[in-house]
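Input: a single structure, listed below in structure tokens.
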Amino acid sequence: MKVSLGFILAASLAGLQFLAIITVVSTSYVTTEKVILEHARELLTEAGSNASEHSNSFLTPARETAELTSRLIENGIVSETDYDGLEKLLFQSLQTESQLSGLYFGDEAGNFVYVMRSEKHGGFRTKFVLTEAGRKTTELIWRDESFAVLKREVDPTDIFDPRTRPWYKNAKSTRATNWTDPYIFFSSQQPGISVSSPVVSDAGLKGVIGVDIEISTISNFLSELEISANGTALILNQNGDVIAHPDLAQIIVNKGGRLEFIGIENIEDPIAQGAFSALAATGLVEIKQEMRSEFNFAGESYVSLIMPITGADLPWTIATYAPENDFTQSIKDNRKRNIWLAAIISFITAIAGVLIAEFILRPVRAFAVRTALVSQGEMSASEPLPRTYKELMNANEALINEISQRRKADAQILKLNRDLSHFSRLNLMGQMATGLAHELSQPLTAISQNVDAAISTAKQRKGGNEELLSILEELDEQAHRGGDIIRALRGFVRKDRGRKVLFDFNELLEQTQRLLDHEAEVHEVELIVDVMKMPFISGNRTQIAQVLINLVRNACEAVSNANSPVRKVVITANHKDGELLVSVEDTGPGIDPDVTLFQQFETTKKDGMGLGLSICRTIVEANGGRLWYDAGHKTGTRFCLTLNSKPTPNEKQMSPKTDKALK
Ligand code: ADP
């Protein structure tokens, strides 16, 4: 199927821009996908680091307060038995550090001073549990921020003993600052943690300072942390308990009247449970370094990150997760918009491409129609072109030239054809006349001799018949006249009627080929002219054309009659030392051994005259060359002839231009 130029042009334009757009869109699609995911992870890491830093800034002051207060007592700034002084010291520290919920001191005798924040009666409450003379008394005092007493109360039921508490035991046994596990503070019902520091003297342990902090502040901080629209951060204790979560209610359960933290495997946040419960499967949540992952939940993709809390000596892990779409949705929407935009641009530009192609092609199509009309002869090639391109103008000029060449060449071939048939007839007549003259001259000579003999016999006889003598003399005269006519005829035939000129041999060959192309086609023979550019030839152009035509015609007939599988006639020519060697070679059966070549009237064809080869030889020799049959050639038949390429002094010198002009 032939495809039109317009279609190719439009399809190429549309295809190219489609390819360009697809390449840009798909490349940006793949690269943004990666960038978005990386961006999501960075945000999560940032959220985790924030939570970690926040926890540190929250925990460190508690530890420092515990240790500082302990040092103050150890150094005697406040005596460990001055319970009022201790209360003041603890009160001041609590006022300074807003995230602390309570400070307390317990000693080896079981005495206990505890200052805590209170929601009623001024904001602060002190609890004294003191043993005097073996009797334990518990007094509660509510104060406002200026340390003024607002209420006092004695609680005889409270038998609290600090020495039994884990914070006290830890500090005592390790003689170092210690953190407790997170637990729910009884008084505030908030999740909290305590840090305790021993008060030591040379005599041994004097007591322990403890500080309470509510870690709900971290939960509040986490809920305020904007990871993403649906992202969550939570903190896990080493034992798998969720100790901080944006929704505090989720992580505290009431177990038989006791408030407890809930483990990650039981949390009502199914995504967090799915993402992180495997961490607690071994019983110990221990993360040494930041770990990122992706997971699917309910058909949605999530990104998650777990990291240890750095800086504080607490075995806590920060876990964050967020749906990938939180980070990518807007970009994905934008990407979708871009794809649509690209598709629309593709479509518009494709249509524009088709219109441009149509615009470009209109003159080309008009030119094609015009060319068809010119070639059919319905329009003159010289008629002015409608609006068109430079290239088409050039093509039009070339077309006009081609047509007027071709016409000239056709005219030349016609003339050559006419000349050839004229010469052919003349040559045939001449050749036959020569034969007849040769055949008739002998009987005429015999008649003349016999008449001469009869006249002399009649003259010698007496009383000869005068009338007979005059008849014989008349007969002799006519016989001589007949001889003269034949001699004149021979002279006329021998006379060279052709003019020799210099002519372009290649051009003659080309015309000969065109003249014989049709004949070769009828015989189903391939006519090949394998000739380089030759010098000009000296000779009679028409006669030499006749020789070539005769030889090629014989060759075509031979190939045709032989039914050869290879059906070729090849003309070659070489030039050497002012002489041109031309050969006509065929793939026919070769020469019939019964035929004597170049002999008049020798033919194997039923309608042949047997004069062609002898005429050809006469012509070639008359033009200063030779014609022979190459008997050494193995396959088919090969005739060779030489032609003179040197001009002789008497020949008319013709340039190729004047040569053409005279044809
Ligand atoms: P004609 O073609 O009228 O027979 P020619 O003188 O041209 O007269 O040829 C004489 C004979 O020479 C042909 O009849 C043919 O037998 C033989 N002949 C000429 N050319 C070839 C050829 N190319 N191959 C075979 N035989 C040829």
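In the chain, a dipole from Cβ-located charges (positive for Lys and Arg, negative for Asp and Glu) runs towards its positive end, and of A366, L225, Q190 it is A366 whose Cα lies farthest in that direction. Of the chymotrypsin sites (Phe, Trp or Tyr not before Pro) found in region 581-650, those that fall in a DSSP loop while having at most 13 other beta-carbon atoms within 10 Å are F601. Across region 302-375, the convex hull enclosing all Cα atoms gives 135 Å³ per residue. Computed extension gain for N561 through E139, at 0.36 nm per residue and net of the alpha carbon distance, reaches 137.5 nm.
Give the calculated FRET efficiency between E74 and N230 to the nearest 0.05, with a Förster radius of 56 Å applied to their Cβ-Cβ distance. It comes out at approximately 0.65. Couplings 3J(HN,Hα) of region 25-30, computed from phi: 5, 5, 5, 5, 4, 5 Hz, in residue order, whole Hz [Karplus 6.51 cos²θ - 1.76 cosθ + 1.60, θ = phi - 60°; x for Gly and Pro]. Of the GluC sites (Glu not before Pro) found in region 170-260, the ones in coil according to DSSP and having at most 13 other Cβ atoms within 10 Å of their Cβ are E226.
Based on alpha carbons, the Rg and Dmax found for region 135-246 are 18.4, 59 Å. By the beta-carbon count within 10 Å of each Cβ, the least crowded to most crowded order of V531, V303, V3, fewest first, is V3, V531, V303.
Can you give the FRET efficiency to the nearest 0.05 for A148 and S201, using r as the Cβ-Cβ distance and R₀ = 30 Å?
Result of the calculation: an efficiency of 0.35.
Distance between the pseudo-spin-label points of R481 and A176 (7 Å out from Cα toward the beta carbon): 16.5 nm. Over the chain, all Cα pairs binned in 10 Å intervals from 0 give whole-percent P(r) values of 3, 10, 12, 9, 7, 6, 5, 4, 4, 5, 6, 6, 6, 6, 5, 3, 2, 1, 1, 1, 0, 0, 0, listed from short to long. Spatial offset of region 83-128 relative to region 409-428 amounts to 139 Å, using the alpha carbon center of each.
Highest mean first, the peptides 271-281, 568-578 sorted by other C-beta atoms within 10 Å per residue fall in the order 271-281, 568-578. Each pair of Cα atoms in region 495-622 enters the Kirkwood radius, and Stokes-Einstein at 25 °C and 0.890 mPa s then converts it into a translational diffusion coefficient of 158 µm²/s. For the chain, the Cβ-based charge dipole about the Cα centre amounts to some 4260 debye (Lys, Arg positive; Asp, Glu negative; other atoms uncharged). If you plug the beta carbon distance of M291 and S330 into 1/(1 + (r/R0)^6) with R0 = 25 Å, you get a FRET efficiency near 0.35.
How much length is gained if the chain between E466 and N401 is pulled fully straight, taking 0.36 nm per residue apart and subtracting their Cα-Cα distance, in nm to one decimal?
In short, 15.2 nm is gained.
For region 237-296, what log10 I(q)/I(0) values come out of the Debye formula at q = 0.13, 0.18, 0.29 1/Å, with one point per alpha carbon and no solvent? Cα-only, vacuum Debye calculation for region 237-296: -0.36, -0.66, -1.31.
Remark: spin-label model distance T31-Q95 equals 6.2 nm, labels positioned 7 Å along the Cα→Cβ axis. For the modelled label position 7 Å from the Cα of H39 along Cα-to-Cβ, which residues of region 334-350 have backbone nitrogen atoms closer than 14 Å? Only 334-336 pass the distance filter.
With the convex hull drawn over the C-alpha atoms of region 371-410, the volume per residue is 61 Å³. Legend: ranking of residues L44, L627, L361, L16 from fewest to most surrounding C-beta atoms inside 10 Å; resulting order L16, L361, L627, L44. Angle of helix 612-622 to the longest C-alpha principal axis of the chain, folded into 0 to 90 degrees and rounded to 10: 90°. Take the Cα of E391, go 7 Å toward its beta carbon, and the backbone nitrogen atoms of region 1-20 under 16 Å from that spot belong to 4-13.
Counting only Cα atoms, the size of region 386-463 along its three principal axes is 108, 18, 10 Å, in decreasing order.
Each residue of region 225-235 was assigned a 3J(HN,Hα) from its phi angle through the Karplus curve 6.51 cos²θ - 1.76 cosθ + 1.60 (θ = phi - 60°); the sequence is 5, 8, 6, 6, 4, 10, x, 9, 10, 9, 10 Hz, with glycine and proline shown as x. Given their separation in residues at 0.36 nm each and the Cα-Cα distance between them, D607 and A453 gain 50.9 nm when the chain is fully extended. Helical runs assigned H by DSSP (4 residues or longer) give the chain a calculated mean residue ellipticity at 222 nm of -17000 deg cm²/dmol, each run adding -39500 (n - 2.57) before division by the residue total. For region 92-169, trypsin sites (Lys or Arg not before Pro) are listed when DSSP marks them as loop and at most 11 other Cβ atoms sit within 10 Å of their Cβ; the list is K120. Relative contact order of the chain: 9 percent, from C-alpha pairs under 8 Å at least 6 residues apart in sequence. Sequentially through region 407-415, phi angles give Karplus couplings (6.51, -1.76, 1.60; θ = phi - 60°) of 5, 4, 4, 4, 5, 4, 5, 4, 5 Hz, Gly and Pro residues having no value and appearing as x. An ellipsoid equivalent to region 342-394, defined through the eigenvalues of its Cα gyration tensor, has semi-axes of 33, 11, 6 Å when rounded to whole angstrom and sorted largest first. Cβ crowding within 10 Å ranks R626, R407 as R407, R626, fewest other Cβ atoms first. Note on region 548-604: Kirkwood radius taken over Cα pairs, Stokes-Einstein applied at 20 °C and 1.002 mPa s, translational D equal to 167 µm² s⁻¹.
Since every read-out is calculated from the coordinates, none of them should be taken as a lab result. Since we're looking at a predicted model, the values are computed, not measured. FYI the Cβ positions are ideal-geometry reconstructions off the backbone, even for glycines, and counts take in every protein chain you see.
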